[in-house]
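Enquirer: Could you have a look at this structure, given as structure tokens, before my questions?
Rule-based calculations on the coordinates, nothing more; no lab input. From a predicted model like this one, the values you see are computed outputs, not experimental measurements. As a convention, Cβ positions derive from the backbone with ideal geometry for all residues, glycine included, and neighbour counts pool all protein chains shown.
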Amino acid sequence: MSLDFAIVAAVFPAIFIAELPDKSMFASLVMASRGRPFMVWLGTAAAFAVHVVIAVSIGVGLFRVLPQDKWVKQILHVLSVDQANTDAIARVWPTIDPAIRADTIVLVTQTKGGGFVYCHPTPPLGSECQ
């Protein structure tokens, strides 16, 4: 087994960003605020390590069992702020090269607007998102 830093460099930011604002972080934050933060860190790290072992083991098992050529796909997730944007995505999709479309899973999430992602920074964040 060789250490491939390119894989580490690709996986770290994806997992870091995905896991940072999750419920585990908030639970750890609350427990650590009540004292003994090192013990909370130790318990949190151990639980996360077990989750990672389970997830990677299942992934390795699926990789060995499932036909590999059927599962090589890229996923494109598009956040759409309204129906007009969603319709534009639907119009453009058929014009993309069929080979690319065959290997791409597109997930379009249409929001209702609002929230911190779509708020203009002036006036101050939050005032127009209520």
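Enquirer: Please give the peptides 93-101, 20-28 ranked by average Cβ packing (other Cβ atoms within 10 Å per residue), highest first, as a rough proxy for protection.
Expert: Working: 93-101: 9.6, 20-28: 11.2.
So the order, starting with the most tightly packed, is 20-28, 93-101.
Enquirer: On to the next question. Suppose the chain between His77 and Ala32 were pulled fully straight at 0.36 nm per residue; how much longer would it get relative to their current alpha carbon spacing?
Expert: Values: separation 45, 0.36 × 45 = 16.20 nm, distance 3.48 nm.
Using 0.36 nm per residue and subtracting the Cα-Cα distance, I get 12.7 nm.
Enquirer: In the neighborhood of Ala27, defined by Cβ-to-Cβ distances under 13 Å, what is the net charge if each Lys or Arg adds +1 and each Asp or Glu adds -1?
Expert: Numbers: positive: Lys23, Arg34; negative: Glu19, Asp22.
Local charge sum for Ala27: 0.
Enquirer: Further question: Taking 0.36 nm per intervening residue step and subtracting the Cα-Cα distance, what contour gain separates Val50 from Thr86 on full extension? Could the numbers behind the result be given before it?
Expert: Values: separation 36, 0.36 × 36 = 12.96 nm, distance 3.94 nm.
In short, 9.0 nm is gained.
Enquirer: Estimate the FRET efficiency between Arg64 and Leu20 by the formula 1/(1 + (r/R0)^6), using the beta-carbon distance for r and 22 Å for R0, to the nearest 0.05. Spell out each step's value before the answer.
Expert: On the way: r = 31 Å, r/R0 = 1.42.
It comes to 0.10.
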